[in-house]
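Enquirer: My structure is below; once you've seen it, I'll send some questions.
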Amino acid sequence: MNENKTLLEKYSAIAQTIVLEKGPFKLFALFKRDNFPWEWDVVLSAEWLPGNEMESLKYIFDKIRAVLNHKEFINISKVVLLDVNEPFVKELQAFLEEHNNPKAFSNTDINNVEIREGLMIVSPIISQDEILPNSSELLTKASQWI
């Protein structure tokens with residue numbers, strides 16, 4: 001599990017960089033599926049994705065490649081870009097709400113996708129205390145602080 005903690009830390013750093021450059025994610029997660037137990041699917045959903053899908057994929061891969069070591073990078077099965085309204089994103093959100101928004105989970109079926117192991121970098125559940133970058137609430141809070 002220590003390996004997963006390191007992966008979470010690295011992918012969290014990647015997510016922070018991308019959020020600063022492109023905007024917030026609705027979902028950023030890693031999934032190992034039963035048929036590929038040694039490889040991770042990197043799953044992302046954001047209002048700004050996919051845009052030009054090939055450019056978005058290249059951008060994401062470049063950000064990932066800059067942080068991961070060779071072994072971690074070759075253990076990526078695929079990068080999946082999802083619209084924020086995809087049924088999978090909504091089903092995952094329902095699952096996470098039901099299970100108190102875990103950062104890690106295992107042996108789960110979500111929208112007919114069997115997930116052997118899942119690591120959440122950015123959850124599709126937004127807590128009421130969370131303020132998203134580029135939001136009007138952030139501007140309001142910042143002006144109050146000033």
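Enquirer: Go through (1) out of contact with any Lys or Arg (no Cβ under 6 Å at 6 or more places or on another chain); (2) surrounded by 15 or more Cβ atoms within 10 Å (Cβ to Cβ) for PRO124 and report which single condition fails.
Expert: Only one criterion in (1) out of contact with any Lys or Arg (no Cβ under 6 Å at 6 or more places or on another chain); (2) surrounded by 15 or more Cβ atoms within 10 Å (Cβ to Cβ) is unmet by PRO124, namely (1).
Enquirer: Return the residues of the range 15-64 that are under 19 Å from PRO87 (Cα atoms), of a type in the set (Phe, Trp, Tyr) and touching a strand residue (DSSP E or B) at 6+ places or on another chain (Cβ under 9 Å); say none if nothing qualifies.
Expert: Within the range 15-64, PHE25, PHE28, PHE31 qualify.
Table: residues versus (1) within 14 Å of LEU119 (Cα to Cα); (2) of a type in the set (D, E, K, R); (3) in contact (Cβ under 8 Å) with a residue 60 or more places away in the chain.
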position	(1), (2), (3)
SER12	yes, no, yes
GLU21	no, yes, no
PHE31	yes, no, yes
SER56	no, no, no
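Enquirer: For LEU68, are the conditions met, namely being at negative phi, open to solvent by less than 40 Å² (accessible area, probe 1.4 Å) and either under 15 Å from the mean Cα position of the chain (by Cα) or basic (Lys, Arg) (or both)?
Expert: In short, no.
Enquirer: Hey, can you tell me all the residues within the range 33-52 that are more than 18 Å from HIS70 (Cα to Cα) and either open to solvent by less than 30 Å² (accessible area, probe 1.4 Å) or in contact with a Leu (Cβ under 7 Å, 6 or more places away or on another chain) (or both)?
Expert: Passing the criteria: VAL43, LEU44, SER45, ALA46, LEU49, PRO50.
Enquirer: Run VAL89 past the list (1) farther than 17 Å from GLU39 by Cβ; (2) in contact (Cβ under 8 Å) with a residue 60 or more places away in the chain; (3) β-branched (Val, Ile, Thr); (4) open to solvent by 30 Å² or more (accessible area, probe 1.4 Å) and report the number of the one that doesn't hold.
Expert: It fails just one condition, (4).
Enquirer: Considering each of ILE18, ILE74 in turn, give the residue that is of a type outside the set (Gly, Ala, Ser) and open to solvent by less than 40 Å² (accessible area, probe 1.4 Å).
Expert: ILE18 is the lone residue from the list that is of a type outside the set (Gly, Ala, Ser) and open to solvent by less than 40 Å² (accessible area, probe 1.4 Å).
The values are calculated or read from the model by the stated rules, or taken from the named source; none is laboratory data. Just so it is clear, the structure is predicted and the values come from calculations on it, not from any experiment. No Cβ is skipped: glycine too gets one built from the backbone with ideal geometry, and neighbour counts run over all protein chains shown. Just so you know, the surface numbers come from the protein's heavy atoms only, side chains and all, with ligands and any DNA or RNA stripped out. Shrake-Rupley method; radii C 1.70, N 1.55, O 1.52, S 1.80 Å.
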